[in-house]
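A.B. asks: Before I ask anything, let me first share the structure, which is written out below as structure tokens.
The values are calculated or read from the model by the stated rules, or taken from the named source; none is laboratory data. Since the structure is predicted, the reported quantities are computational estimates derived from the model, not experimental observations. Note that we place each Cβ from the backbone using ideal geometry, even for glycine, and neighbour counts take in every protein chain shown.
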């Protein structure tokens, strides 16, 4: 019989949150479509707000959107986030 190897539990230095507040005070939650300052003509789908516990660095993880299809994952600084306003629903006119 083989000996069992001791398993160790790895701890993560990253704190991941599904919501964040932009520097302008707007709330962004997981799945919202955002733009990034400096990335011309691209939209991104917000995934996580990440904080590194040992030194306090923060960034966001998001997916690149191309024609409504989710692309590769990218990370950006929080200061670069621009929120796309959500469209209001039109009221139906009653006759």
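A.B. asks: Of everything in region 62-80, what is surrounded by 12 or more Cβ atoms within 10 Å (Cβ to Cβ), assigned to a strand (DSSP E or B) and free of Cβ contacts under 8 Å to residues at least 24 places away in the same chain? Give them in sequence order.
C.D. replies: Answer for region 62-80, where residues must be surrounded by 12 or more Cβ atoms within 10 Å (Cβ to Cβ), assigned to a strand (DSSP E or B) and free of Cβ contacts under 8 Å to residues at least 24 places away in the same chain: 63, 64, 71.
A.B. asks: State the number of residues belonging to region 72-87 that are modelled with pLDDT of 90 or more and farther than 18 Å from residue 23 by Cα.
C.D. replies: 3
A.B. asks: Further, regarding this structure: Can you name every residue in region 8-40 that is out of contact with any helix residue (DSSP H, G or I) (no Cβ under 7 Å at 6 or more places or on another chain), under 15 Å from residue 79 (Cβ atoms) and in a loop (DSSP other than H, G, I, E, B)?
C.D. replies: Residues satisfying the conditions are 22, 24, 25, 26, 39.
A.B. asks: Across region 1-25, which residue is surrounded by the fewest Cβ atoms within 10 Å (Cβ to Cβ) among those that are in contact with a strand residue (DSSP E or B) (Cβ under 9 Å, 6 or more places away or on another chain) and farther than 14 Å from residue 80 by Cβ?
C.D. replies: 13
A.B. asks: Here is a further query. Restrict the check to region 41-56 and report whether at least one residue is modelled with pLDDT of 90 or more, surrounded by 12 or more Cβ atoms within 10 Å (Cβ to Cβ), in a strand (DSSP E or B) and in contact with a helix residue (DSSP H, G or I) (Cβ under 7 Å, 6 or more places away or on another chain).
C.D. replies: Looking through region 41-56, none of the residues is modelled with pLDDT of 90 or more, surrounded by 12 or more Cβ atoms within 10 Å (Cβ to Cβ), in a strand (DSSP E or B) and in contact with a helix residue (DSSP H, G or I) (Cβ under 7 Å, 6 or more places away or on another chain).
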